[in-house]
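Q: Submitted below is the structure of interest, expressed as structure tokens.
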Amino acid sequence: FIKMWKRLHELNPESKDRLRVESFYSPTGEYQIYVGRRKCIRCHKKMHPEHVERWSKTKFKTFERIEKEPDYRKGTADYKKKCYKCHTTGYREDKKVYSEQGVGCEACHGPGEVYSHLMAGEHKGDVKEGQKLARISFDFKICGNCHIPKRHEMRKEYFENVEHVK
């Protein structure tokens, strides 16, 4: 827990701004389109059923949890939008909209537009090649957009309960 916290703090010590994650943009700079977790799950539940099941029970429901919180219910529209950055997928601060509620596949892996197109076409089944062409890669910047020290008053509780960190 502490090791991850320190690493994220090194990546973005004081900034509350979201970090630009290059894989969320096409090679020509356009913001890629989010396709939604249902499209991802169609194929990936066959490859990684235990992961999809575990994620479905927790992460997809983060928005349901905040909707029940008194602060959220009493908050203004501007206050609620602060929650969208981390509790929805594909939140666009410039447009104040999100693609779907909860932390879906694309919240961490980036928009699936290019990847899903490639997997349906000539590269079908060639996951590594599809990831390369769609510019999908692991990047601490993705985690750091939400898991930043000092961003959330509940951060200690949330970090301690993050399964993939244990």
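The values are calculated or read from the model by the stated rules, or taken from the named source; none is laboratory data. Please read all numbers here as calculations on a predicted model, not as lab measurements. Please note: Cβ atoms are built from the backbone with ideal geometry, for glycine as well, and neighbour counts cover all protein chains shown.
Q: Which of (1) at pLDDT 75 or above; (2) crowded, with 17+ Cβ neighbours inside 10 Å; (3) not polar (S, T, N, Q) is the odd one out, the single condition Lys59 does not satisfy?
A: Going through (1) at pLDDT 75 or above; (2) crowded, with 17+ Cβ neighbours inside 10 Å; (3) not polar (S, T, N, Q) one by one, Lys59 breaks only (1).
Q: From the list Glu113, Glu106, pick out the single residue that is under 21 Å from Lys39 (Cβ atoms), charged (D, E, K, R) and crowded, with 19+ Cβ neighbours inside 10 Å.
A: Answer to the selection: Glu106.
Q: Continuing with this model, one more query. Could you please let me know if Arg42 is modelled with pLDDT of 85 or more, loosely packed, with under 15 Cβ neighbours inside 10 Å, under 19 Å from Met119 (Cβ atoms) and not small (Gly, Ala, Ser)?
A: For Arg42, the condition - modelled with pLDDT of 85 or more, loosely packed, with under 15 Cβ neighbours inside 10 Å, under 19 Å from Met119 (Cβ atoms) and not small (Gly, Ala, Ser) - is met.
Q: Okay, moving on. Considering Ile142, Ile136, which residue is in contact with a His (Cβ under 9 Å, 6 or more places away or on another chain), in a helix (DSSP H, G or I) and either closer than 23 Å to Ser56 by Cα or modelled with pLDDT of 70 or more (or both)?
A: Ile142
Condition check ((1) under 20 Å from Lys45 (Cβ atoms); (2) touching a helix residue (DSSP H, G or I) at 6+ places or on another chain (Cβ under 6 Å); (3) at pLDDT 85 or above) across all residues:
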{"residue": "Arg73", "(1), (2), (3)": "no, no, yes"}
{"residue": "Tyr84", "(1), (2), (3)": "no, no, yes"}
{"residue": "His87", "(1), (2), (3)": "no, yes, yes"}
{"residue": "Asp94", "(1), (2), (3)": "no, no, no"}
{"residue": "Val103", "(1), (2), (3)": "yes, yes, yes"}
{"residue": "His109", "(1), (2), (3)": "yes, no, no"}
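Q: Further question on the same structure: Given the conditions (1) free of Cβ contacts under 8 Å to residues at least 24 places away in the same chain; (2) of a type outside the set (Gly, Ala, Ser); (3) farther than 20 Å from Tyr34 by Cα, which single one is not true for Tyr91?
A: (3)
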